[in-house]
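Let me begin by presenting the structure, written as structure tokens, before commenting on it.
The values are calculated or read from the model by the stated rules, or taken from the named source; none is laboratory data. Keep in mind the model is a prediction, meaning the values are calculated, not measured. No Cβ is skipped: glycine too gets one built from the backbone with ideal geometry, and neighbour counts run over all protein chains shown.
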Amino acid sequence: MTIDPNYEEALHGLIPDEATRLIEAASSRSLHLRLTGSLAIRLHSSEHAPLLDAMGRRRFRDIDFWGYAKEQKQLEHLFLADEYVADPDIIRAHEWGVKRLIFEHPQTRIKIDVFMDELVMAHTIGFKGRLELDYPTTDLTYLMLSKLQIHEITENDMIDMIVLLAEHDFGSGNRELIDSADIVEIMRGDWGFCYTTLENLTKCDAALDRYPMLPTEVVQRVRARLEALRDQIVSAPKTTRWKMRSRVGTRARWYEEVGDVER
């Protein structure tokens, strides 16, 4: 589908304020609604956020949130009160246990996508109990994981990772650090997720050479952090489950196929 560039630019300008307004409205009702995706990375990486535009990161087209399934009804009421319209396909999918909300506003045409309790994509990431760790975005560790899990990673996703790692080092006990220990713990027990992650770290490293506008110190910093995470994952002792699955390798599909919901 061809996007009208004037519409896309207008939408790009509307989305950050609308995302903030919705999060604040949810918080006033004691609901856990957290921003994820590229907009979350932009908000959480203010020093290096201009690099997103410099590298040609696609403009915002929708708002991605994470929330809790136990608050689904209250979140639905929140969006409906603001005249958002629910996607009928997702409503029907709830009967099959799909924990996801999709809404669109008929006037602004802003689309909202809310995963609840877990991100179910190429690899599933459960985030129950993590939304309290940061505000207004999900925590940096799980922002990173949400990019690492993508099987068919795009240039936009790699730009997001570059900016995230340009701004944030690995560590623990601080909301401005990415907890590599949490990432490694997931990888040592899931061969498929681990394989995808290592592939994406390699692709992201290669992508650095495609952006001559990146300062040398940024390239060196991101490359060092990619290598450090790779080394930690590779050297970590693996579970029996990981070792058993590794014997099959890529002869069997190690990721879930992701299909778009028709809108």
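Can you find even one residue in the stretch 8-18 that is farther than 22 Å from Thr137 by Cβ, without any contact (Cβ under 8 Å) to a residue 60 or more places away in the chain and assigned to a strand (DSSP E or B)? Scanning the stretch 8-18, I find no residue that is farther than 22 Å from Thr137 by Cβ, without any contact (Cβ under 8 Å) to a residue 60 or more places away in the chain and assigned to a strand (DSSP E or B), so the answer is no.
Restricting attention to the stretch 178-217, the residues that are over 16 Å from the mean Cα position of the chain (by Cα) and outside any helix (DSSP H, G or I) total 8. Filtered by the rule that a residue be closer than 20 Å to Leu11 by Cα and surrounded by 16 or more Cβ atoms within 10 Å (Cβ to Cβ), the stretch 102-115 gives Ile102, Phe103, Glu104, His105, Ile110, Lys111, Ile112, Asp113, Val114.
Among the residues making up the stretch 225-242, those that are assigned to a helix (DSSP H, G or I) and closer than 10 Å to Gly189 by Cβ are Thr240, Arg241, Trp242.
Yes or no, residue by residue, for (1) closer than 28 Å to Arg61 by Cβ; (2) in contact with a Ser or Thr (Cβ under 6 Å, 6 or more places away or on another chain); (3) of a type in the set (Gly, Ala, Ser):
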position: Met161; (1), (2), (3): yes, no, no
position: Arg175; (1), (2), (3): yes, no, no
position: Leu198; (1), (2), (3): no, no, no
position: Ala224; (1), (2), (3): no, no, yes
position: Thr240; (1), (2), (3): no, no, no
position: Glu257; (1), (2), (3): yes, no, no
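For the stretch 240-247, the criterion of being modelled with pLDDT of 95 or more, under 21 Å from Tyr195 (Cβ atoms) and of a type in the set (A, V, I, L, M) is satisfied by at least one residue.
So that you can scan it fast, the table gives a plain yes or no per residue for (1) over 15 Å from Arg34 (Cα atoms); (2) modelled with pLDDT of 95 or more; (3) of a type in the set (Asp, Glu); (4) in a helix (DSSP H, G or I):
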site: Glu71; (1), (2), (3), (4): no, yes, yes, yes
site: Gln74; (1), (2), (3), (4): no, yes, no, yes
site: Leu80; (1), (2), (3), (4): yes, yes, no, yes
site: Asp89; (1), (2), (3), (4): yes, no, yes, yes
site: Glu95; (1), (2), (3), (4): yes, no, yes, yes
site: Pro106; (1), (2), (3), (4): yes, no, no, no
site: Arg109; (1), (2), (3), (4): yes, no, no, no
site: Ile112; (1), (2), (3), (4): no, yes, no, no
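What number of residues within the stretch 144-198 satisfy the criterion of being within 25 Å of Thr239 (Cβ to Cβ), modelled with pLDDT of 95 or more and polar (S, T, N, Q)? Here the count works out to 5.
Each residue in the stretch 20-53 was checked for being of a type in the set (Gly, Ala, Ser) and in contact with a Phe, Trp or Tyr (Cβ under 8 Å, 6 or more places away or on another chain), and 2 pass.
Just one of (1) in contact with a strand residue (DSSP E or B) (Cβ under 9 Å, 6 or more places away or on another chain); (2) under 30 Å from Thr240 (Cβ atoms); (3) not hydroxyl-bearing (Ser, Thr, Tyr) fails for His168. It is (2). Would you confirm, using the coordinates I've provided, whether Thr239 is loosely packed, with under 12 Cβ neighbours inside 10 Å and in contact (Cβ under 8 Å) with a residue 12 or more places away in the chain? For Thr239, the condition - loosely packed, with under 12 Cβ neighbours inside 10 Å and in contact (Cβ under 8 Å) with a residue 12 or more places away in the chain - is not met.
Suppose we filter Glu152, Glu132 for residues that are assigned to a loop (DSSP other than H, G, I, E, B) and not hydroxyl-bearing (Ser, Thr, Tyr); which single one remains?
Within the list Glu152, Glu132, the selection yields Glu152.
Among the residues of the stretch 141-159, the ones that are among the charged types (D, E, K, R) and either touching a His at 6+ places or on another chain (Cβ under 6 Å) or crowded, with 19+ Cβ neighbours inside 10 Å (or both) come to 2 in all.
Within the stretch 41-68, restricting attention to residues that are among the hydrophobic types (A, V, I, L, M, F, W, C) and in contact with a strand residue (DSSP E or B) (Cβ under 7 Å, 6 or more places away or on another chain), which residue is surrounded by the fewest Cβ atoms within 10 Å (Cβ to Cβ)? Ranking the qualifying residues of the stretch 41-68, first place goes to Leu43. Does Thr138 satisfy the condition of being closer than 23 Å to Asp53 by Cβ, at pLDDT 95 or above and surrounded by 23 or more Cβ atoms within 10 Å (Cβ to Cβ)? When the stated conditions are applied, Thr138 passes them.
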